[in-house]
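What follows is a single structure, written as structure tokens, with notes after it.
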Amino acid sequence: MSRDSAGRSFRARSQPVSTDQDTLEQIWRAIAAIPSGQVDSYGGVASRAGLPRRARLVGYALKVAPRELNLPWHRVLNASGRISFPEGTRLYSLQRRKLAAEGVRFEGGRVRCKGPDDPSSLDRVLWGPPASSS
DNA sequence: AGGATGACAGTGT
DNA sequence: AACACTGCCATCC
């Protein structure tokens, strides 16, 4: 860990940045791997794709993703557990509807329970389908 | 070439 | 909890 002139900490990149087609496909695969009824954050997707700190790139990858891939794009939320589209837009309601169809419950504007980034729950995402009442 | 703008995130105040 | 700031990276003026 290092610090810049303003005192903020940061991790140096251990790998050269690449934004070629392979990188995009890697991200798309990570998104496709999110199980139905579960959600992940942009940063989480980036990490699982082997691209830590590249959350913004995930947003770009989603934007340019070919429709034929049929990616579960609606399962990707921002780090605060919220939908990243402005409320009231068509995409917002579409995403919210798709999530609801998979049993993802909302509380106010955010998904229930912890944040999608919580490392302890990445594997057994707790806010999953309510159908599996354990 | 340089600044603004995003389907973002982390840290500090 | 909300805001400001910065890192981040591709696009679009």
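Magnitude of the Cβ-charge dipole of region A:18-117, K/R +1 and D/E -1, about the Cα centre, nearest 20 debye? Write down the numbers at each step before the final one.
On the way: 17 positive and 9 negative charges, 74 e Å.
Here the size comes out at about 360 debye.
Cut-off is 10 Å between beta-carbons; in what order do A:D20, A:D40 appear when sorted fewest neighbours first?
Numbers: A:D20 8, A:D40 24.
Fewest to most other Cβ atoms nearby, the residues stand as A:D20, A:D40.
Against the compact-protein benchmark of 2.2 N^0.38 Å, the Cα-based radius of gyration of region A:18-117 scales to 1.02.
Exposure proxy check: A:K63, A:K98 ranked by fewest other beta carbons within 10 Å? The partial results should precede the final answer.
Values: A:K63 8, A:K98 14.
Least crowded to most crowded, the residues run A:K63, A:K98.
The numbers here are math on the coordinates, done by the rules we state, and not lab data. In this text the structure is predicted, and so the values were computed from the model without any measurement. Cβ sites come from the backbone with ideal geometry, for glycine too, and all protein chains shown count toward neighbours.
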